[in-house]
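Step one of this worksheet: look at the structure below.
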Amino acid sequence: MDLTTDYLGLTLANPIVASSSPLTGNIESLVELQEAGAAAVVLPSLFEEQVEHESFATDYTIDLGFDTNVEAGSGYFPELDSYNTGTDWYLDKLREANRELRIPVIASLNGASDGGWVSYADSLEDAGADAIELNIYYVAADVGATGGEVEDRYLRLVEHVRQAISIPLAVKIGPYFSSPGNMGRRLASAGADGLVLFNRFYQPDIDLDTLEVTPDLVLSSPAEMRLILRWIAIMYGRVDADLAATSGVHDAEGVVKLILAGANVAMLTSALLIHGPEHIRTVLDGVDRWFTERDYVSVEQARGSVSQRAVADPGAFERANYMKTLLSYAARS
Ligand SMILES: Cc1cc2nc3c(=O)[nH]c(=O)nc-3n(C[C@H](O)[C@H](O)[C@H](O)COP(=O)(O)O)c2cc1C
């Protein structure tokens, strides 16, 4: 089984990418990810706030809850003390990763406003990034802003980062658009070579003892992958960009489904934080076995074969399925 796949113009040995997380933030775990079979890694994000106000960095990561105990009791969780703080730190980490790893290293920029910080993408390219992932993590909390205005903000940002760099650009977005597929097309026209679907927006909680709003980072569960599966299946062959899946990819079955739906790569974070980097090997073996047993010869051949435009019942990815799903529950009970 030929597991190679193309993503952002890079030829990857297989479709498993370690997405941005504390695991991709230090060289020891980056090497472990590579040795376990990761075909590429995405470094933790450099945040807009870090570029604009260096001193803000540490407080910001603490506010985000990155230094708190994220299910650390049960899983593999490295020290977070130095999790992506500062721009020099970032460039040093990027150069080091580039030097020590054989696999492509994707740098990540994370922001939402169209300011001077976007020109920093250029420094990431100079420091040796093979590609840049721009995470537009934006919660549209201004109730005066229309959907169109929010979309324009995304497009301007992508255009400006595109102008700043000559390496490939992936754009990581959330699912909350009125027409995600159309937005995908417009992002591709604005310069995105790939779309990373979808961001998990971490939801705040209220602490009933202190009445404070608290950040609460909960790792994903496999059920979250369904949303991604649908939109990859719908966008495959219709949006002129590579498709990367993130959120809820935990096992070989998940990766196989995403490839069949049309993904170029599947990204893992939560599963690796829970089981450790070596989990990639288990996933890869499972993917290889599933395809080999069914006589597929390559990932390329399998990609998109169960996408919306390939299946006999395209409605299965749309509303038609809603009614059937409700009826199937009623029939069960
Ligand atoms: C502790 C932690 C830190 C993360 N840091 C980043 C980050 O710096 N930039 C980013 O784009 N995504 C970041 N993510 C999001 C992951 O890259 C990924 O998109 C998300 O966890 C969904 O994938 P999963 O279901 O495999 O966990 C982080 C996730 C976790 C759990």
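The values are calculated or read from the model by the stated rules, or taken from the named source; none is laboratory data. Not measured: the values here are computed from a predicted model. Glycine gets a Cβ as well: all are built from the backbone with ideal geometry, and neighbour counts include every protein chain shown.
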Counting only residues that are over 30 Å from L101 (Cβ atoms) and of a type in the set (A, V, I, L, M, F, W, C), how many does segment 116-165 have? 7
How many residues are over 14 Å from L243 (Cα atoms) and not in a loop (DSSP other than H, G, I, E, B) if we restrict to segment 13-42? 17
Test: residue in segment 304-315 that is away from the ligand (no atom under 16 Å from the Cβ), farther than 30 Å from A190 by Cα and touching a residue at least 60 places away in the same chain (Cβ under 8 Å): no
Failed criterion for A39 (all others in (1) at pLDDT 95 or above; (2) under 16 Å from the mean Cα position of the chain (by Cα); (3) within 15 Å of the ligand (Cβ to nearest atom) hold): (3)
Could you check, for segment 281-293, whether at least one of its residues is of a type in the set (G, A, S) and within 14 Å of the ligand (Cβ to nearest atom)? no
Go over the candidates G262, G286, G254 one by one and state the one that is out of contact with any strand residue (DSSP E or B) (no Cβ under 8 Å at 6 or more places or on another chain) and of a type in the set (G, A, S). G286
Restricted to segment 211-243 and to residues being of a type in the set (V, I, T) and at pLDDT 95 or above, the residue nearest to the ligand (Cβ to nearest atom) is I228
Being within 21 Å of S247 (Cβ to Cβ) and in a helix (DSSP H, G or I) is the filter here, so list the residues in segment 158-181 that pass it. V158, P180, G181
The condition of being buried (at least 21 other Cβ atoms within 10 Å of the Cβ) and of a type in the set (S, T, Y) holds, among S108, S123, only for S108
For segment 92-145, what are the residues that are touching a strand residue (DSSP E or B) at 6+ places or on another chain (Cβ under 9 Å), touching a residue at least 40 places away in the same chain (Cβ under 8 Å), away from the ligand (no atom under 13 Å from the Cβ) and in a helix (DSSP H, G or I)? L94, A97, W117, V118, Y120, A121, L124, E125
Looking at (1) closer than 20 Å to G116 by Cα; (2) away from the ligand (no atom under 16 Å from the Cβ); (3) aliphatic (A, V, I, L, M), which is the only condition I206 fails? (1)
Which residue, of L268, L272, L327, is surrounded by fewer than 15 Cβ atoms within 10 Å (Cβ to Cβ) and farther than 23 Å from S179 by Cα? L327
Taking segment 1-20, which residues are surrounded by fewer than 24 Cβ atoms within 10 Å (Cβ to Cβ) and touching a residue at least 24 places away in the same chain (Cβ under 8 Å)? M1, D2, L3, T4, D6, G9, L10, L12, A13, N14
Return a yes/no flag: does segment 69-79 have any residue that is at pLDDT 95 or above, farther than 28 Å from L155 by Cα, within 16 Å of the ligand (Cβ to nearest atom) and crowded, with 17+ Cβ neighbours inside 10 Å. no
